[in-house]
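Enquirer: Please read through the structure below; I'll follow up with questions.
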Amino acid sequence: MPELEDLDVNEFHTEPMVLNMGPSHPAMHGTVRMVLTLDGETVVKCDPEIGYLHRGFEKECESATYTQCFPYTDRLNYVSPLLNNFGFALAVEKLLEIEVPPRGNYVRTIMGEISRISDHLTCLSAGALELGGFSAFLYGIEGRELIWDLHETVTGARLTTSYARIGGVRDDLPEDFVPMWKMTRERLNDIWNDVNDLLTRNRIFMDRMQGTGVITPEEAISHGFVGPCLRSTGVDYDVRKDHPYFAYGEVDFEVPVGSTGDNFDRYLVRLAETKQSIRIIDQCLAKMPGGPVNCDDPRVVLPAKHDVYNSIEGMINHFKIIFEGIQVPAGEIYSYTEGGNGELGYYIVSNGTGKPWKVKVRSPSFYMMSAVTKMIEGGMIADIIPTFDTINMIGGEIDR
């Protein structure tokens, strides 16, 4: 028998292993499959397939009235549905050339940032869970449940809210919203501290996150990165700051930016953005103007029930909006807002009827997935989990 030190590993016949990771793997989130070519535990090649949800968001919208599209937008990113609602509403409002009253814009800003907190907490806590951080997951999901309690109080639903309306929102904030937010805010700050204490200086967590899933600013821009994933590379771009909309131009907040573009920076950016969202909500509630939350254009906003039942004009307006849809002038628009994962854009073409002729969504997750190969190849198979988590792929966004 030869001694172990006399063996030459180059004499052994080896060949790469082809491994299907997903779609049944819990870390692949449903429909995604990655066809991996492995040399030991090193990923030589990664061929991602986004799979098929068969939702058909864009085509569904083209067969519905503009108002009927809101339930579809809810399901684009189901952990921050209000941000999708408001982005679509803003695009149609630009085509109609109408303005939402100041209070309506403040309500949209508040509820949008609440939805952003839900998105970031879900990403952070699920990412911790898949690396073995079960305690951090429980804290983060508790925070998300508190956020969804606020969703339910304001919109009547926890997840698929359909709260936005063209010209404003469905209802004003309830009277008990401010005290409820103050209680939620206090607990959210405690949860933030707990998650930060558990993870940010955790040696195991840092070793799994730092230096993995790295992408440079130039590569990120070339792949169309936006949001926390782009900002983690050091690129300071946030639609709320660079192209203010709603009430974002009237509040003060910071845009957290990373430097290395790795998984740890993406974690830190989302953690910091959660604090900034709380800051934005506090300012909006302090500055909240009075007045209506919807514009007063009868072509767009449903009349009050009293008018529907007691006047012919109210009844006709109600009938036409419900059955024919809001008549949007012919034209096209690309409108963009800052979603949970970055720039969420809607390209809408109107032919002058109550239904959009063409709808195209620029969903952030779709573009992040295009760079998965570059971020994974050359790393270890274990690095796929935190990398895929910090991209925060949402199946509803990427499905085509």
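Enquirer: Hey, among the residues in the range 347-366 that are surrounded by 15 or more Cβ atoms within 10 Å (Cβ to Cβ) and over 23 Å from the mean Cα position of the chain (by Cα), which one's farthest from ILE394 (Cα to Cα)?
Expert: THR353
Enquirer: Would you mind stating whether LEU344 is surrounded by fewer than 18 Cβ atoms within 10 Å (Cβ to Cβ), under 30 Å from SER363 (Cα atoms) and in contact (Cβ under 8 Å) with a residue 40 or more places away in the chain?
Expert: no
Enquirer: Still on this structure: Can you find a residue in the range 287-296 that is among the charged types (D, E, K, R), within 23 Å of PRO174 (Cβ to Cβ), surrounded by 14 or more Cβ atoms within 10 Å (Cβ to Cβ) and within 28 Å of the chain's Cα centre (by Cα)?
Expert: Within the range 287-296 (the criterion being among the charged types (D, E, K, R), within 23 Å of PRO174 (Cβ to Cβ), surrounded by 14 or more Cβ atoms within 10 Å (Cβ to Cβ) and within 28 Å of the chain's Cα centre (by Cα)), the answer is no, since none of the residues qualifies.
Enquirer: Could you look through the range 168-194, keep only residues that are outside any helix (DSSP H, G or I) and without any contact (Cβ under 8 Å) to a residue 24 or more places away in the chain, and pick out the one that is surrounded by the most Cβ atoms within 10 Å (Cβ to Cβ)?
Expert: Applying the filter and picking the extreme gives ARG170.
Enquirer: Can I ask one more? Step by step: first the residues of the range 227-268, then only those that are of a type in the set (Phe, Trp, Tyr) and more than 18 Å from the chain's Cα centre (by Cα), then the one that is surrounded by the fewest Cβ atoms within 10 Å (Cβ to Cβ). Which residue is that?
Expert: PHE253
Enquirer: Continuing with the same structure: Could you pull out the residue among TYR78, TYR66 that is within 22 Å of the chain's Cα centre (by Cα), surrounded by fewer than 18 Cβ atoms within 10 Å (Cβ to Cβ) and farther than 23 Å from LYS287 by Cα?
Expert: After applying the criteria, what remains is TYR78.
Enquirer: Among the residues of the range 25-33, are any under 21 Å from LEU131 (Cα atoms), among the basic types (Lys, Arg) and either in contact (Cβ under 8 Å) with a residue 12 or more places away in the chain or not in a helix (DSSP H, G or I) (or both)?
Expert: Looking through the range 25-33, at least one residue is under 21 Å from LEU131 (Cα atoms), among the basic types (Lys, Arg) and either in contact (Cβ under 8 Å) with a residue 12 or more places away in the chain or not in a helix (DSSP H, G or I) (or both).
Enquirer: Hey, can you tell me all the residues within the range 216-226 that are touching a helix residue (DSSP H, G or I) at 6+ places or on another chain (Cβ under 8 Å), outside any helix (DSSP H, G or I) and surrounded by fewer than 24 Cβ atoms within 10 Å (Cβ to Cβ)?
Expert: Of everything in the range 216-226, those that are touching a helix residue (DSSP H, G or I) at 6+ places or on another chain (Cβ under 8 Å), outside any helix (DSSP H, G or I) and surrounded by fewer than 24 Cβ atoms within 10 Å (Cβ to Cβ) turn out to be HIS223, GLY224.
Enquirer: Any idea which of (1) more than 20 Å from the chain's Cα centre (by Cα); (2) in contact (Cβ under 8 Å) with a residue 24 or more places away in the chain; (3) within 27 Å of ASP171 (Cβ to Cβ) is the one ILE322 doesn't satisfy?
Expert: (2)
Enquirer: I would also like to ask the following. Can you tell me how many residues in the range 122-137 are surrounded by fewer than 16 Cβ atoms within 10 Å (Cβ to Cβ) and either at pLDDT 95 or above or aromatic (Phe, Trp, Tyr) (or both)?
Expert: Here the count works out to 2.
Enquirer: Please go through (1) touching a residue at least 24 places away in the same chain (Cβ under 8 Å); (2) touching a Gly at 6+ places or on another chain (Cβ under 8 Å) for LYS358 and return the number of the only condition it doesn't satisfy.
Expert: For LYS358, the exception is condition (2).
Enquirer: Still on this structure, I have one more. So, of the residues in the range 41-52 that are touching a Lys or Arg at 6+ places or on another chain (Cβ under 9 Å) and farther than 14 Å from LYS374 by Cα, which turns out to be surrounded by the most Cβ atoms within 10 Å (Cβ to Cβ)?
Expert: Here the answer is ILE50.
Enquirer: Can we say GLY22 is modelled with pLDDT of 75 or more and more than 30 Å from GLY396 (Cα to Cα)?
Expert: no
Enquirer: With the requirement that a residue be of a type in the set (Gly, Ala, Ser), more than 23 Å from PHE70 (Cα to Cα) and out of contact with any Asp or Glu (no Cβ under 8 Å at 6 or more places or on another chain), what does the range 355-397 give you?
Expert: SER370, GLY378, GLY379
Enquirer: Another one. For ILE204, are the conditions met, namely being out of contact with any helix residue (DSSP H, G or I) (no Cβ under 9 Å at 6 or more places or on another chain), of a type in the set (A, V, I, L, M, F, W, C), in contact (Cβ under 8 Å) with a residue 12 or more places away in the chain and surrounded by fewer than 21 Cβ atoms within 10 Å (Cβ to Cβ)?
Expert: Criteria met by ILE204.
Enquirer: For VAL372, are the conditions met, namely being over 29 Å from the mean Cα position of the chain (by Cα) and either under 20 Å from GLY56 (Cβ atoms) or not small (Gly, Ala, Ser) (or both)?
Expert: Considered against the rule, which asks whether it is over 29 Å from the mean Cα position of the chain (by Cα) and either under 20 Å from GLY56 (Cβ atoms) or not small (Gly, Ala, Ser) (or both), VAL372 comes out as no.
The values are calculated or read from the model by the stated rules, or taken from the named source; none is laboratory data. A quick note: this is a predicted structure, and the numbers were derived from the prediction, not measured. Glycine also receives a Cβ, built like all others from the backbone with ideal geometry; neighbour counts cover every protein chain displayed.
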